[in-house]
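Report on one structure; see the data block that follows.
The values are calculated or read from the model by the stated rules, or taken from the named source; none is laboratory data. Please read all numbers here as calculations on a predicted model, not as lab measurements. When we count neighbours, we look across all protein chains shown, and the Cβ atoms used for this are built from the backbone with ideal geometry, even at glycine. Protein only, heavy atoms only, side chains kept; ligands, DNA and RNA dropped before computing areas. Shrake-Rupley method; radii C 1.70, N 1.55, O 1.52, S 1.80 Å.
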Amino acid sequence: MKFPRFKHTKKVTGLRKYSYYDFLILFGACDKKHQDEILAELAHAPKPNFIFDKEVPKTLNMLSYGQLDDLSDAGNGKDANAVVLEVIMGLKRHEVYSMSVTDVFGFANFVRDEVKRINALFDSIKLPSTQDEVSAGIEDLNFGSFGVLDWYARRMGITNQNDVRNVAWVRIYRCMKNDNEKTAFERRLNQQLLNKAKRK
């Protein structure tokens with residue numbers, strides 16, 4: 001199968017002149033020092049504004065929870081850059097190979113920063129465990145993304161957990177934030193009532 005080459009209409013210099021396919025073929029032939037220099041340059045590649053006439057989103061707020069979960073699997077024996085472009089932009093593998101290597105890495109850099117931001121949002125709303133919960137072993141209960149899907153399905157009365165994969169992650173985040181804030185309030189209220197009872 002022939003892979004299309006990156007086409008350009010004006011003279012292109014530096015790494016931008018290479019397609020992603022060229023990069024995958026030639027990178028292994030470079031010595032370690034040159035590889036490090038190339039990766040250091042690609043680590044700062046900017047996000048492209050358009051890919052194949054499709055506008056690149058400014059954030060990943062439009063992703064479904066399933067897409068977000070698929071991104072976490074990128075790199076498990078796969079070409080992570082190709083997986084990321086397939087999940088978010090709907091590109092086929094041969095389309096990714098024909099792109100400029102700087103656009104592929106620029107998009108991957110953007111996605112990495114966005115996923116980091118989203119993970120930080122979810123981390124910021126986690127409730128601290130009580131001493132009793134820690135003693136009972138709550139820290140051993142970590143069900144990952146399946147746990148989130150299961151929690152949201154039960155919360156919303158959804159019988160098929162796979163349906164939750166189509167829900168926007170922003171919606172799941174807001175519901176989780178609301179529930180955690182409500183739980184935190186109930187903890188404070190119960191503690192106040194307990195303190196009042198002790199003073200009587």
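Check off (1) assigned to a loop (DSSP other than H, G, I, E, B); (2) modelled with pLDDT under 95; (3) of a type outside the set (Lys, Arg) for Asn61 and give me the number that stays unchecked.
(2)
Is it the case that Glu41 is more than 12 Å from the chain's Cα centre (by Cα), surrounded by fewer than 21 Cβ atoms within 10 Å (Cβ to Cβ) and touching a residue at least 12 places away in the same chain (Cβ under 8 Å)? Write out each step before concluding.
Numbers: more than 12 Å from the chain's Cα centre (by Cα): yes; surrounded by fewer than 21 Cβ atoms within 10 Å (Cβ to Cβ): yes; touching a residue at least 12 places away in the same chain (Cβ under 8 Å): yes.
For Glu41, the condition - more than 12 Å from the chain's Cα centre (by Cα), surrounded by fewer than 21 Cβ atoms within 10 Å (Cβ to Cβ) and touching a residue at least 12 places away in the same chain (Cβ under 8 Å) - is met.
Of all residues in the range 143-164, which are within 13 Å of Asp69 (Cβ to Cβ), at pLDDT 90 or above and open to solvent by 60 Å² or more (accessible area, probe 1.4 Å)?
none
Quick one: which of Arg93, Arg16 is basic (Lys, Arg) and more than 30 Å from Leu149 (Cβ to Cβ)? Quick ask: steps written out before the conclusion?
On the way: Arg93 fails: more than 30 Å from Leu149 (Cβ to Cβ).
Step by step, each of Arg93, Arg16 is checked, and only Arg16 is basic (Lys, Arg) and more than 30 Å from Leu149 (Cβ to Cβ).
Looking only at the range 72-108, filter to residues that are assigned to a helix (DSSP H, G or I) and among the polar types (S, T, N, Q); which one of those is most open to solvent (accessible area, probe 1.4 Å)?
Here is the first cut: in the range 72-108, the ones assigned to a helix (DSSP H, G or I) are 72, 80-89, 93-98, 101-108.
Going one step further and asking which of them are among the polar types (S, T, N, Q), we end up with 72, 81, 98, 102.
Numbers: Ser72: 76, Asn81: 27, Ser98: 15, Thr102: 19 Å².
Checked the range 72-108; the qualifying residue most open to solvent (accessible area, probe 1.4 Å) is Ser72.
If you scan the range 111-124, which residues turn out to be open to solvent by 20 Å² or more (accessible area, probe 1.4 Å) and hydrophobic (A, V, I, L, M, F, W, C)?
Residues satisfying the conditions are Val115, Ala120, Leu121, Phe122.
Of all residues in the range 19-34, count the ones that are open to solvent by less than 40 Å² (accessible area, probe 1.4 Å) and not hydrophobic (A, V, I, L, M, F, W, C). It would help to see each step written out before you state the result.
Filtering the range 19-34 for residues open to solvent by less than 40 Å² (accessible area, probe 1.4 Å) gives 19-20, 22-23, 30.
Restricting the remaining residues to those that are not hydrophobic (A, V, I, L, M, F, W, C) gives 19-20, 22.
Within the range 19-34, residues that are open to solvent by less than 40 Å² (accessible area, probe 1.4 Å) and not hydrophobic (A, V, I, L, M, F, W, C) number 3.
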